[in-house]
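Input: a single structure, listed below in structure tokens.
The values are calculated or read from the model by the stated rules, or taken from the named source; none is laboratory data. All of these numbers come straight from a predicted model, not from anything done at the bench. Quick reminder, even Gly has a Cβ in these numbers, built from the backbone with ideal geometry, and neighbours come from all protein chains shown.
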Amino acid sequence: MAKAAKKNVQVSLETVLWNCRVALRGVGSTEKNRDAVIALVFLKFAGDKFEKRREELMAKYAEVPAFLEKVSFYNAVNVFYLKETARWSYIVKNASANDIAVIIDQAMADIEDSNPPLKGALPLNLFAALGAEKSKIKDLIDNVNQITPERFQEEDLIGRVYEYFLQAYAASGTKEDGEFYTPACVVKLIAEMIEPYSGVVYDPCCGSGGMFVQSLKFVDRHNGNRQNVSIIGQESNPDTWRLCKMNLAIRGIAHNLGETNASTFTNDLHKGRTVDYIMANPPFNLKGWRTEDELTDDPRFMKAGYSVMPPVANANYAWILHILSKLNVSHGIAGFLLANGALNAGDSEGTLRKEILERDRIEAIIVLPRDMFYTTDISVTLWIVNMNKKACTVNGRALRDRSKQVLFMDLRRWDENVEEIVIDKGKKKKKTVLTDSQIAKIRETYTNWQSADTSLYCDVPEFCKSVSLDEIKARDYSLAPSKYIEFIDHDLEIDYEKEMARIQAEMRDIISAEKRSQAMLEQAFRGIGYGID
């Protein structure tokens, strides 16, 4: 009897990506497995781009084979040149080899050697140190090999795959692990608010590079020119710095993250440079960012005219002062996230908040819904600071003079949209997300408030309010939106007489139904000879 033909089962991209994640389960730490998976994905996409470019060159220079190895012919179109031993096809061909871990590590070293911009970006000697069985590494290679544009018709397959892994590993990691990834919807909101159409975009704590990716996606959405945007930043964690370099490199995004990882506070890699836009999600409530006697003569802090230093025990206001020091004084604008405690903090932080407000740098304070971040369920705040709140024209929009005014928005009730992220077999994590329509509403409210056409904006109870600096002074310079936005006592909207009548009618119906049930029960028992006491 002939065997039945096998069904051609279509496997989803999510299934393939999940299989990549679990291929090394039980081998090493989450961080090492993350780096191994993302490094192989990098090799795969770099290899695909290389082969495509090589085919183009073969069609053009078939009679001059030496041209196929000309590095500049690849780099000119944002493609990395790969030696034969660094090509994905070579990795796949040797997937069952006993020394496959060494082969992959050598491929990483060869790519760095041929492409100076990748210096320090790839994890070297990682696979040999993992101690994974060759069968597990082969399983990972086989799964990564399935991620092809022919199979999965995604507009931005590279971005989709990288976003999946960055999100998934952030969701399954510790608080520290989560710092390398900011939810995409939050980053998109920041980009829509500050509008980085052209100029220099800077992130002083860039994590895996999500802010940079979304700034260029913003340009794409609004039909701008990517060539008009420059990317600079830095990151203190060496593993995260490498993740960022890989993330940007595989997407073809030119960047300057310095020669190595470094602390923004104690080793500013872009000292003296000012920028047009800043997007950032600094580590919340960072402790020990300096010693007691460090940075007291730094031009970002007291040398800039502030009367006190940010406390050693909490870097929130150190990030704010650093960001302000980097913005172009005539038009710089920044959007960054901080824990809500910074809105009301006292002592030296309260003094700094007063001085920043008096300098009129804060334009908007937006409290986000709870439970948006992967390693904390707290609500955080988006701060918009602007070096020029005078009347002007920005991106074709006529803006009014907003001097001595701050827009407050409270989104804590916007918690109805939830996504589930699978973090392990049978284990999921639910997180609040902002939809595109919600992001559009926030942006519209902000731009209407800025507009020279003052008829476009009005305060909305439980959502937004425009507040003068005098009102903020009267509240001891607090920036908590709840102190200014009107909240409605919905209990006052209840018609108590009508509500009580409804409840009493429901109770009568319930009692009547119980009496009927009891009567039926008594009748049934009598019918079979039992008495009822």
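Taking Val367, is it assigned by TED's automatic domain parsing to the domain that holds Asp297, touching a residue at least 12 places away in the same chain (Cβ under 8 Å), in contact with a Ser or Thr (Cβ under 6 Å, 6 or more places away or on another chain) and of a type in the set (Val, Ile, Thr)? The answer is yes for Val367.
Screening Val213 against (1) within 30 Å of Ala345 (Cβ to Cβ); (2) among the β-branched types (Val, Ile, Thr); (3) part of a helix (DSSP H, G or I) leaves a single unmet condition, (1). Cβ-Cβ contacts under 8 Å between residues 6 or more apart (or on different chains), taken from a first residue in the range 51-72 that is assigned by TED's automatic domain parsing to the domain that holds Ser114 to a second residue that is surrounded by 10 or more Cβ atoms within 10 Å (Cβ to Cβ) and among the small types (Gly, Ala, Ser), are listed as Glu51/Ser89; Val71/Ser114.
Restricting the range 207-227 to residues that are touching a residue at least 40 places away in the same chain (Cβ under 8 Å) and of a type in the set (A, V, I, L, M, F, W, C) leaves a set whose member that is surrounded by the fewest Cβ atoms within 10 Å (Cβ to Cβ) is Val213. Within the range 400-420, residues that are β-branched (Val, Ile, Thr) reach partners that are modelled with pLDDT of 95 or more with beta carbons closer than 6 Å, at six or more positions or on different chains, in the pairs Val406/Ile362; Val406/Val467. Condition first: without any contact (Cβ under 8 Å) to a residue 60 or more places away in the chain, surrounded by 24 or more Cβ atoms within 10 Å (Cβ to Cβ) and assigned to a strand (DSSP E or B). Can you find one or more residues in the range 199-206 that meet it? No, the range 199-206 contains no residue that is without any contact (Cβ under 8 Å) to a residue 60 or more places away in the chain, surrounded by 24 or more Cβ atoms within 10 Å (Cβ to Cβ) and assigned to a strand (DSSP E or B).
State whether the residues of the range 354-363 include one that is of a type in the set (Val, Ile, Thr), farther than 17 Å from Leu407 by Cβ, out of contact with any His (no Cβ under 6 Å at 6 or more places or on another chain) and part of a helix (DSSP H, G or I). Working first, answer last.
Within the range 354-363, the first condition is being of a type in the set (Val, Ile, Thr), and the residues that meet it are 356, 362.
Subset that is farther than 17 Å from Leu407 by Cβ: none.
No, that holds for no residue.
This table checks each residue for (1) more than 20 Å from Asn19 (Cβ to Cβ); (2) in contact (Cβ under 8 Å) with a residue 40 or more places away in the chain.
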site: Asp113; (1), (2): yes, no
site: Asp142; (1), (2): no, yes
site: Gln153; (1), (2): no, no
site: Asp156; (1), (2): yes, no
site: Arg160; (1), (2): no, yes
site: Glu163; (1), (2): no, no
site: Ala170; (1), (2): no, yes
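Annotation note: of Ile421, Ile488, Ile503, Ile494, the sole residue that is more than 19 Å from Ile194 (Cα to Cα), surrounded by 13 or more Cβ atoms within 10 Å (Cβ to Cβ) and either at pLDDT 95 or above or among the aliphatic types (A, V, I, L, M) (or both) is Ile421. The residues listed here are Ala97, Ala109; of these, the one that is under 23 Å from Asp142 (Cα atoms), hydrophobic (A, V, I, L, M, F, W, C) and part of a loop (DSSP other than H, G, I, E, B) is Ala97. Taken over the range 224-248, the criterion of being small (Gly, Ala, Ser) and under 20 Å from Lys32 (Cα atoms) is satisfied by Ser236 alone. Each residue in the range 291-340 was checked for being part of a helix (DSSP H, G or I) and in contact (Cβ under 8 Å) with a residue 40 or more places away in the chain, and 8 pass. With respect to Val275, determine if the residue is more than 25 Å from the chain's Cα centre (by Cα) and either closer than 26 Å to Arg226 by Cβ or assigned by TED's automatic domain parsing to the domain that holds Thr351 (or both). So Val275 does not fit the description; no. Would it be correct to say that Ile147 is assigned to a helix (DSSP H, G or I), β-branched (Val, Ile, Thr) and either touching a strand residue (DSSP E or B) at 6+ places or on another chain (Cβ under 8 Å) or crowded, with 18+ Cβ neighbours inside 10 Å (or both)? Criteria not met by Ile147. Here Ala171, Ala107, Ala129, Ala97 are screened, and the one residue that is crowded, with 21+ Cβ neighbours inside 10 Å, modelled with pLDDT of 90 or more and not basic (Lys, Arg) is Ala107. Residue count for the range 424-452, restricted to those that are surrounded by 14 or more Cβ atoms within 10 Å (Cβ to Cβ), among the charged types (D, E, K, R) and modelled with pLDDT of 95 or more: 2.
In the condition set (1) at pLDDT 95 or above; (2) under 25 Å from His255 (Cβ atoms), Val41 is compliant with all but (1). In this structure, Asn261 does not satisfy being polar (S, T, N, Q), free of Cβ contacts under 8 Å to residues at least 12 places away in the same chain, farther than 25 Å from Lys473 by Cβ and surrounded by fewer than 22 Cβ atoms within 10 Å (Cβ to Cβ).
Could you list, ordered by first residue, the pairs with Cβ atoms under 8 Å in which the first is in the range 458-483 and at negative phi and the second is modelled with pLDDT of 95 or more and of a type in the set (Gly, Ala, Ser), at least 6 apart or interchain? Going by the 8 Å Cβ cut-off, the qualifying pairs are Asp459/Ser466; Ile472/Ser478; Leu479/Ala342. The number of residues in the range 68-94 that are closer than 18 Å to Lys136 by Cβ and assigned to a loop (DSSP other than H, G, I, E, B) comes to 1.
Ser230 fulfils the conditions (1) surrounded by fewer than 17 Cβ atoms within 10 Å (Cβ to Cβ); (2) modelled with pLDDT under 95; (3) not aromatic (Phe, Trp, Tyr) except for a single criterion, (2).
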